[in-house]
Each structure stands twice: as C-alpha cells, then as structure tokens.
Amino acid sequence: MTKNIVVIGAGISGMATAYLLCEKKYHVSIYAREFSPNITSDRAAAFWFPYHIRNDKRGINWCRMSYQHYKQLAENPETGISMRILKKVIRTGIEEEEPVWVDFMPEGTLRKMNADELQPGYAKGYAAIVPLIETQIFLPWLRKQLENSGVHFYKKDVQSFDEIKNEFDIVINCAALGSRKLCNDESLVPVRGQVALLAPKNGMDIFLDNEKPLYVVPRKDAIIVGGTYEEGIDSETTEPATIEKLLKNAYEVFEDLKQQQVMGSWAGLRPYRADVRVEKEPGTNIIHNYGHGGSGFTLSFGCAREVVSLIEEDLKRLIC
Ligand SMILES: Cc1cc2nc3c(=O)[nH]c(=O)nc-3n(C[C@H](O)[C@H](O)[C@H](O)COP(=O)(O)OP(=O)(O)OC[C@H]3O[C@@H](n4cnc5c(N)ncnc54)[C@H](O)[C@@H]3O)c2cc1C
C-alpha cells in the first residue's frame, strides 16, 4: 500500500525531499510554518559549492548527486537553473586553505586558472562549472511541480512530533532551525549571512574569494554581493555599515560595479550543524534531514536521495 508521508518544512530541503518521494509515487503532504518567499532558502545566493562541509565525507556523494540533478534541470530554462563559470580565487599573500572542496567536484568540471586570467592582486584561481539556482524562479517552479504531482501544502507550525506522528506512516523533518526546538538540538546554530543587491548586468561569472570575504553572483534580477558569516546571530536584519563594507570589497575587485544601482540588501540564517543530520530516529517513524548550513542547495537532492534510501531499506526489512 502507498505510504502516507508528511514532510515538515517547505525550504529547499523539504521540497527536494518531497520531489524525489513523488517520483517514487509516495503520497506526500508538506506542513510548514512559512513558505517561499519568506524563508532562508529565498535568501541564498544559491550557487552549487560545498561550503563548510569539508570534514563530512558523506557530503561528497550528496553534493555530486545534487550537481547531476541540477545539471539535468538546467536543460529546462523554466527552472531558473543554469550551468555557470565559478571563479574561486586566492589573493596574493594569503595562504590557501587546503582545497578539500576539490574532492567534491564532479570529474571534468574544474581547472586551475592561468596567471593571465587572474585579476591584479590574485595569486591563484580555479575555474569550475557549477549550477546557479535562481531561487526567485526555482522555488516557485518546484512548488508548482509538487502541486501538479498531488502534494498538498499546509500552513502549520508543528510544536512536537507527537502532534502528527500517528497521522502518517512516516514523518520527515526538514525544519532547519526549527529543529532546535523540535529535536531539542542545541548543536544546531543560526549563522547569519548579509548580502547587498546591485542592478543586474550581463556577461559576469560567479566570483568567490572566501578570505576577503567576497562573492558576486549574477542573477537575472540582481547581482548578489556577499557575504557575512556570523555565528550565533539570529536576527534577520541587515546592518548598513556591513552592507557598505561588502560593497567596498566588491568595488575593490570590480570597479565597474560602482555603476550598478544599489537595489537593497537582505539577511538570512543558515542552519549550521557540525554534521548534517540525515538519519532515522531509532524506534520511531521519524527521519531527520536538517542542519545543511551554508550548503543547503548544494546538498539538497543528495540528502533527499539518502532519505528515500532510508525509507526503502526500512520497507525491505519489513518484507524480509
Ligand atoms: C546569505 C546566504 C547565502 C547562501 N548561499 C548559499 C549558496 O550559495 N549555496 C548553497 O548551497 N546554500 C547557500 N545558503 C544556505 C541555504 O540557504 C540553506 O542551507 C538552505 O536554504 C536551508 O534550507 P532548508 O530547507 O533546510 O531550510 P529553510 O529554507 O529554512 O526551510 C525550513 C522550513 O521549515 C519550516 N519550519 C521550521 N520550523 C517549523 C515547525 N516547527 N513547524 C513547521 N514548519 C517549520 C520553515 O517555515 C521553512 O518552511 C545560503 C544562505 C544564506 C543565508
């Protein structure tokens, strides 16, 4: 009989999980306190890059699976996903951290840049092909696909798993920072990211200088200039002095960006946990999928695939 599944959370983690469950013909509902465009997933710069998951080797498969999934979706322009050049650079005089992220890249997607390709002030760089997920297009598209597949979205603030666990065969927790309370998990912390927005411009690549720190992400509706990484801050407001500093960093590298109108700014809270939690809670019908930090899009479909595998392993055990 088809399993009746509820996913808590309508961010990229919850919707990617629901998407793969629908492919397997499960009956899926989504319960969420808030929906796009009012959640962290809307605040992401959202290019594929394994950020702060270097020590979690499970992440290699998850990131690569997501990469392949986005690459396929990029064939359909309606998804808002495109394959783009990412330039990851290291400034002169800065010691490069061990580039562990290179192990996460699918084969054939990365090369070292030549010295004549680097801007002044930079000693080294990598050019990679990565998916850019324009959240303002992709998140509504994904929701539409889910609704067309019969997924119902319900606005519900789940206070405890006890409220719902008997209503469904399986409960999947993709509540991100909401899991601090739901799971009493204090190892999960908010990490604020503030970004500035400039008027859009054609012909730019994604640019990442982690040490400055600076990233520049050219979307159709804006250029995102980021970003801060503020551990333990749980306010979603931006600070004018910080936004000014981000813009100054960007102008130092790309002087011509001074001509782009400043369109605004935003801040979001990354749900950071030292280890992403994707596991079944023993003796219950609850599966967790949260704590993706600054890599929620990069991990999304890979972690979702892991959730599907956990369900299928359980079903196999029941049949045997
Ligand atoms: C500035 C910034 C830049 C970023 N850039 C990138 C990037 O380039 N690449 C990348 O991969 N990642 C990036 N990220 C990280 C990415 O945004 C997050 O990892 C990702 O959005 C987390 O998705 P999620 O679905 O787990 O959480 P969320 O988007 O926060 O969704 C959580 C959902 O759970 C719901 N919820 C919570 N508690 C409850 C409850 N008790 N009951 C019911 N519903 C509940 C919420 O309402 C929401 O619907 C960035 C983040 C920020 C802030």
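Below, the figures for the structure above:
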{"item": "For the chain, calculated [θ]222 nm from helices alone, where every DSSP H run of n ≥ 4 adds -39500 (n - 2.57)", "result": "-8500 deg cm²/dmol"}
{"item": "Calculated on alpha-carbon atoms, Rg and Dmax of the chain in Å", "result": "19.8, 66"}
{"item": "Entries in LYS24/LYS280; LYS57/LYS87; LYS24/LYS71; LYS87/LYS156; LYS124/LYS245; LYS3/LYS144 that, when Cα-Cα distance is taken, lie over 30 Å", "result": "LYS87/LYS156"}
{"item": "Mean projected area in nm² (Cα convex hull; one quarter of hull surface) for region 273-318", "result": "3.4"}
{"item": "With Cα atoms, 0 to 90° folded angle of helix 58-73 axis to the chain main axis", "result": "80"}
{"item": "Computed lengthening from GLU78 to GLU281, 0.36 nm per intervening residue step minus Cα-Cα distance", "result": "69.4 nm"}
{"item": "Neighbourhood net charge (14 Å Cβ-Cβ; Lys/Arg +1, Asp/Glu -1) for ASN249", "result": "0"}
{"item": "Trypsin sites (Lys or Arg not before Pro) restricted to region 1-101 and DSSP loop, no more than 14 other C-beta within 10 Å", "result": "LYS24, LYS25, LYS57"}
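Values in this text are rule-based calculations from the coordinates and carry no lab data. Here the structure is a predicted model, which is why all the values come from computation and not from measurement. Cβ: placed from backbone, ideal geometry, glycine included. Neighbour counts: every protein chain shown.
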